[in-house]
Protein chains: 2
Amino acid sequence: MDYTQSEIERALRKAGYRLTPQRREVISAVMECRRHFTPAELYEKAARRRSGIGLVTVYRTLEMLARLGFICEVHAGGNCRHYLIRPTGEHHHHLICSGCGRVVNFTGCDLTGLERRLRRETSFTISGHLLEFVGQCVDCRRREEKG
Amino acid sequence: MDYTQSEIERALRKAGYRLTPQRREVISAVMECRRHFTPAELYEKAARRRSGIGLVTVYRTLEMLARLGFICEVHAGGNCRHYLIRPTGEHHHHLICSGCGRVVNFTGCDLTGLERRLRRETSFTISGHLLEFVGQCVDCRRREEKG
DNA sequence: TGCTAGTTGAAAATCATTTTCAATTATTCC
DNA sequence: GGAATAATTGAAAATGATTTTCAACTAGCA
């Protein structure tokens, strides 16, 4: 289901990137994330564990991981980039809690029928789609009801 | 199908906003857009027609129009906001050409089944979804094939 | 071990967006 | 029509995320 640190490191090497201590640290910090994160958040986290990692390196490493397909961007709103670990391979989407940012991955979006219809009606070549559900998880709902 | 300038102006007044020449100009510039646009693009267009409109005012007016539901944001990539005219009322989504930015609105996304499944499986309260298709329109495809 | 191209990170640059605030003006009330 | 007043405008400055620059450093190869 999830990639391991060494799988990612291997893929990185294979793609011609060098394996530096900073990159290892960023990867390991990413792998602990259970919700979406911003470059700045990840920087804090990684820098806390190994002082001397630069924000720029975090940016660059995240960009690299996204290029390799290990993380992807989500459109969580706000004014900065949000990334998310990608489960291995398969086509999937996200259900995002607007309260805490928790993310649930799901598959089976089944938009092929709609896609076919659009292709027929518009003559577009369709290359992909962006689908995200937004809601509130149980914890956040309870918290709101109480307070 | 589309709102008229005076419909928008009326709604704006009704919501307690003042009708200024600058706002009129921005609204009219928006209404000419057949694809998505950025605040900066709209500023250029509006300022060309009536010099002296400030970029800040464009930002503020677009925010207002979005709040009133006449335009909405799209996630077209890039590093700045993209807006789009919203067809009257109904729930709809966008098919966006990655080449030229042309936008086709469509309805009938039918995600209620999927939404129900997610609600059941995750116990989230689902408040909405974001769905966009990306592709290439006929013109852009031809242009690419030729050159 | 030494070479070299890839990598790092501090600082500066960039760029979209937001805030500030004094001057202006649309609307209301007489 | 003419104040009064609160909303609006826009230039300039502030903010904040992201990117670029470049000299120093280093991973990985020979």
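Structure data summary
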{"quantity": "Residue identified as away from chain A (no Cβ under 14 Å), within 14 Å of DNA strand C (Cβ to nearest atom) and without any contact (Cβ under 8 Å) to a residue 60 or more places away in the chain among B:83, B:59", "calculated": "B:83"}
{"quantity": "Number of the condition not met by residue B:147 [criteria: (1) small (Gly, Ala, Ser); (2) open to solvent by less than 40 Å² (accessible area, probe 1.4 Å); (3) more than 10 Å from every other protein chain (Cβ to nearest Cβ)]", "calculated": "(2)"}
{"quantity": "Index of the failed condition, residue B:64 passing every other in (1) surrounded by 15 or more Cβ atoms within 10 Å (Cβ to Cβ); (2) under 12 Å from the mean Cα position of the chain (by Cα); (3) within 16 Å of DNA strand D (Cβ to nearest atom)", "calculated": "(2)"}
{"quantity": "So residue A:106, is it over 14 Å from the mean Cα position of the chain (by Cα), within 27 Å of residue B:116 (Cα to Cα) and within 12 Å of another protein chain (Cβ to nearest Cβ)", "calculated": "no"}
{"quantity": "Enumeration of residues in the stretch A:24-45 that are over 17 Å from the mean Cα position of the chain (by Cα) and at pLDDT below 95", "calculated": "A:44"}
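Residues are listed down the side, and each one gets a yes or a no for (1) under 17 Å from residue B:35 (Cα atoms); (2) at the interface with chain A (Cβ under 10 Å from one of its Cβ atoms); (3) crowded, with 18+ Cβ neighbours inside 10 Å:
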{"site": "B:87", "(1), (2), (3)": "yes, no, no"}
{"site": "B:112", "(1), (2), (3)": "no, no, no"}
{"site": "B:128", "(1), (2), (3)": "no, yes, no"}
{"site": "B:135", "(1), (2), (3)": "yes, yes, yes"}
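The values are calculated or read from the model by the stated rules, or taken from the named source; none is laboratory data. The model shown is predicted, which means the values in this text are computed figures rather than measured ones. Cβ atoms come from the backbone with ideal geometry, glycine included; neighbour counts cover every protein chain shown. Note: accessible area is taken over every heavy atom of the protein model, side chains too, but ligands, DNA and RNA are not part of it. Shrake-Rupley method; radii C 1.70, N 1.55, O 1.52, S 1.80 Å.
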